[in-house]
Amino acid sequence: MGHYHDNPAAIRALLRSDAVHRDVYLDPEIFALEMQRLWARTWIYVGHASQVPNIGDYYATTLGAEPVVMVRQEDGRVRVLRNRCAHKGAKLVNTPAGNLGRFFRCPYHAWSYHLDGSIAAIPKRDGYTHTRFNETKAAAGMAAVHTAGHRGFIFARLSDDGPTFDGYFGAALSSIDYMVDRSPVGKLQVAGGVLRYLHDSNWKMFVENLNDTMHPMAAHASSAGTAKQLWAGKPADAPKPMAIEQLVPFAESYDFFEKMGVRVLPNGHSWTGVNFSIHSSYAAVPEYEQAMIAAYGEERAKDILGTVRHNTVYYPSLTVKGAIQTIRVVRPLAPDRTLIESFSFRPVGAPDVFLRRNVTYNRLINSPLSVVGHDDQHCYRLMQEGLAACGNEWVSLHRDFHEDELGQRDQTVGGTSEIAMRNQFRAWSMFMTQGAEKERR
Amino acid sequence: MTDADIARFLYREARLLDERRWDEWFALFSEDGLYWVPLARGQTDRETHTSLACEDRLLLRLRIERLKRGPPSQQPPSFCQHVLQVPEIAATPDGWRTHMPFCYAEVRGDAMLWLIGTAEHDLVRVDDAPRIRLKRINLLNCDAALPSIQLFI
Ligand code: FES
Ligand SMILES: [Fe+2]
């Protein structure tokens, strides 16, 4: 047992109102505690219901440190189970997705399970008759975890204790609503493949960066700035390639990002682009706008299409871009290793151009070959290495800090504030210390 | 043009990349040239399925100009080495299609990344010289979790 495990005061001391201690990014014990306390007690994104459309379809992933599998049940619902055989612990599915038929079947000793995780058959079961097996957890089969969803987005909570789904996300769910409602029939489908980008840095650096609007001007000058130069001098009415339309706005001014605004909510959630964003000026598609008005009425359609939030953070595991229907899923692997999986969606009932747009954006920004991603990833790694320097163990989160932001539940401020990062760490500290107290009881 | 000429063209193409002579490499592409690294095995759809990279001349130019600026992620710079197998070459109505297994290493500082796959070139004859209409790179581990790959494969 290390320094932090039984010491909530030491964890609390890692966060000041306007700065955070470097251990939160570097310390292996903190990472292990994060998996137990933050990633197990909060609602973590698993996948989208459209990935498992038919009975027996599954999608396997990890939540924090644990392997899980999301399965479409016989009754049409989606459940999330621990991907572990009740016998000796072998993972039951070992491919990311597929169809099980009506049973899980372990390849090792052929125990089988119904889609809900309960045991269907054990070969030579009489060998257990005179044992205590039936009194153990294993007798229940694969353990289910708490599952909840919002408009097809499936989340799970590994621990039995923790906040309710609605209580945890609250008003942040509106970003999913706006994203889904960009489909005239209110439906999204995962489409276009998943990009899987390995980062050699702590997961929080990635999550913080999603609402960091002070970095594009500096870190992305070489990509967005070059795109801007390459397009400069083209006549104003020249048809803009999607790549130019999507890359150039990353080179917007500090003033632009300031006016975008940022809104923070309890439990670490936030979004930038309250008023407008770098996704505001994509080419209009008149036939689609007509379809949206027909589906939602003029006022609501205007509201949906006029809401172009930049990044919404569903702390700690998911970030959403509603205007361009792509999401990034955070999978922490080690203190200095994180896998980012990026998915795009087809807005059902909208013209194909939207899927093409989303898929293009995903490739340009989220691929391991992305000229934008390279510079972000590099900066995270620089922090990971630079924080080894002693003398100052604190990471500054002072930008636009005001005492009176403490204790407020819902605030909207200028977009270049570091308030979203402070807000994430306040949630972090709450779960990391509450956890310690619960374990001791 | 003989098969030996086409093979020489492909070897030179890789060598230009290894020597960071990106402008000369760019000039090997036809006007409608495309550099494509699919995300899925056997991928045919570039429009509604995403790719690791899918770059026309505009995006290639962007990548090259960015590299020349020495962006943050190129401190220190990356270097690469292609190791090529003798290509299979087939004639097409207006040029050649080639299939060439490769190893590719990219280093940066102390880190080295290895990639293995096949390159498939669609070459078109322009002014009696081959030009690249499509360079398709099938990575053996195209669907794996990958770190940054910063140069041209
Ligand atoms: S480990 Fe699964 S049946 Fe034995
Ligand atoms: Fe960035």
Would you say A:Thr412 is at negative phi, in contact with a Pro (Cβ under 9 Å, 6 or more places away or on another chain), in a strand (DSSP E or B) and assigned by TED's automatic domain parsing to the domain that holds A:Thr226? no
Extreme residue, nearest to the other protein chains (Cβ to nearest Cβ), among residues of region B:19-32 that are crowded, with 18+ Cβ neighbours inside 10 Å and assigned to a strand (DSSP E or B): B:Phe29
Residue that is farthest from A:Arg381 (Cα to Cα), among those in region A:207-219 that are assigned to a helix (DSSP H, G or I) and within 13 Å of chain B (Cβ to nearest Cβ): A:Met217
Identity of the residue in region B:79-98, within 20 Å of the chain's Cα centre (by Cα) and among the charged types (D, E, K, R), that ends up surrounded by the fewest Cβ atoms within 10 Å (Cβ to Cβ): B:Glu88
Just to be sure before I move on: is A:Ala436 away from ligand 1 (no atom under 16 Å from the Cβ) and in the same structural domain as A:Ala251 (by TED's automatic domain parsing) in the structure I sent? no
Can you confirm whether region A:179-189 contains a residue that is in contact (Cβ under 8 Å) with a residue 12 or more places away in the chain, farther than 16 Å from A:Ser50 by Cα and either within 16 Å of ligand 2 (Cβ to nearest atom) or in the same structural domain as A:Ile340 (by TED's automatic domain parsing) (or both)? yes
Residue count, region A:118-130 (criterion: within 15 Å of ligand 1 (Cβ to nearest atom), loosely packed, with under 12 Cβ neighbours inside 10 Å and assigned to a loop (DSSP other than H, G, I, E, B)): 2
Going by the structure shown, is A:Ser222 within 14 Å of another protein chain (Cβ to nearest Cβ), at pLDDT below 95, within 16 Å of ligand 2 (Cβ to nearest atom) and within 29 Å of the chain's Cα centre (by Cα)? yes
Look through A:Gly261, A:Gly268 and report the one residue that is more than 17 Å from A:Met179 (Cα to Cα), surrounded by fewer than 24 Cβ atoms within 10 Å (Cβ to Cβ), at pLDDT 95 or above and of a type outside the set (Ser, Thr, Tyr). A:Gly261
Cβ contacts < 6 Å: first residue more than 22 Å from A:Arg381 (Cβ to Cβ) and without any contact (Cβ under 8 Å) to a residue 24 or more places away in the chain, restricted to region B:99-112; second residue of a type outside the set (A, V, I, L, M) and surrounded by fewer than 15 Cβ atoms within 10 Å (Cβ to Cβ), any location; separation 6+ or different chain. Result? B:His99/B:Glu88; B:Pro101/B:Gln85
Out of region A:165-208, which residues are touching a helix residue (DSSP H, G or I) at 6+ places or on another chain (Cβ under 7 Å) and acidic (Asp, Glu)? A:Asp181, A:Asp200, A:Glu208
Residues being under 19 Å from B:Ala111 (Cα atoms) and not aliphatic (A, V, I, L, M) - total across region A:372-408: 12
When region B:60-77 is examined, which residues are found to be touching a residue at least 24 places away in the same chain (Cβ under 8 Å) and either outside any helix (DSSP H, G or I) or within 18 Å of A:Ser344 (Cβ to Cβ) (or both)? B:Pro76, B:Pro77
Would you say A:Arg37 is among the charged types (D, E, K, R) and either closer than 27 Å to A:Trp428 by Cα or without any contact (Cβ under 8 Å) to a residue 12 or more places away in the chain (or both)? yes
Here are A:Val248, A:Val194, A:Val185: which of them is under 28 Å from A:Ala284 (Cβ atoms), within 14 Å of chain B (Cβ to nearest Cβ) and among the β-branched types (Val, Ile, Thr)? A:Val248
Would it be correct to say that B:Thr50 is within 11 Å of chain A (Cβ to nearest Cβ), hydroxyl-bearing (Ser, Thr, Tyr) and either closer than 27 Å to A:Asp376 by Cβ or free of Cβ contacts under 8 Å to residues at least 40 places away in the same chain (or both)? yes
Just checking, which of B:Pro76, B:Pro101, B:Pro72, B:Pro147 is more than 14 Å from every other protein chain (Cβ to nearest Cβ) and surrounded by fewer than 21 Cβ atoms within 10 Å (Cβ to Cβ)? B:Pro101
Name the single residue that is farthest from the chain's Cα centre (by Cα) among those in region B:33-42 being at the interface with chain A (Cβ under 9 Å from one of its Cβ atoms) and surrounded by 18 or more Cβ atoms within 10 Å (Cβ to Cβ). B:Leu39
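Residues are listed down the side, and each one gets a yes or a no for (1) in contact with a helix residue (DSSP H, G or I) (Cβ under 6 Å, 6 or more places away or on another chain); (2) of a type in the set (A, V, I, L, M, F, W, C); (3) surrounded by fewer than 18 Cβ atoms within 10 Å (Cβ to Cβ):
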{"residue": "A:Glu34", "(1), (2), (3)": "no, no, no"}
{"residue": "A:Ala40", "(1), (2), (3)": "no, yes, no"}
{"residue": "A:Gly47", "(1), (2), (3)": "no, no, no"}
{"residue": "A:Gln51", "(1), (2), (3)": "no, no, no"}
{"residue": "A:Asn54", "(1), (2), (3)": "no, no, yes"}
{"residue": "A:Thr62", "(1), (2), (3)": "no, no, yes"}
{"residue": "A:Val68", "(1), (2), (3)": "no, yes, no"}
Unmet criterion (only one of (1) at pLDDT below 95; (2) assigned to a helix (DSSP H, G or I); (3) of a type in the set (Lys, Arg)) for A:Lys204: (1)
Of all residues making up region A:210-219, the number that are surrounded by fewer than 20 Cβ atoms within 10 Å (Cβ to Cβ), near ligand 2 (Cβ under 10 Å from one of its atoms) and either hydroxyl-bearing (Ser, Thr, Tyr) or over 17 Å from A:Ala420 (Cβ atoms) (or both): 1
So which residues in region B:108-144 are touching a Leu at 6+ places or on another chain (Cβ under 7 Å) and within 14 Å of another protein chain (Cβ to nearest Cβ), if there are any at all? B:Leu115, B:Gly117, B:Leu139, B:Cys142, B:Asp143
Determine whether A:Ala121 is more than 16 Å from ligand 2 (Cβ to nearest atom), within 23 Å of A:Thr338 (Cα to Cα) and either small (Gly, Ala, Ser) or within 14 Å of chain B (Cβ to nearest Cβ) (or both). no
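Each row is one residue, and each column tells you yes or no for (1) within 22 Å of A:Val264 (Cβ to Cβ); (2) under 20 Å from the mean Cα position of the chain (by Cα).
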position	(1), (2)
A:Leu369	no, no
A:Asp376	yes, yes
A:Cys390	no, no
A:Glu393	no, no
A:Glu405	yes, no
A:Gln411	yes, no
A:Arg426	yes, yes
A:Ser429	yes, yes
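The values are calculated or read from the model by the stated rules, or taken from the named source; none is laboratory data. Treat the numbers as computed from the prediction; the structure is a model and nothing was measured. Every residue, glycine as well, gets a Cβ built from its backbone with ideal geometry; the counts of neighbours run over all protein chains shown.
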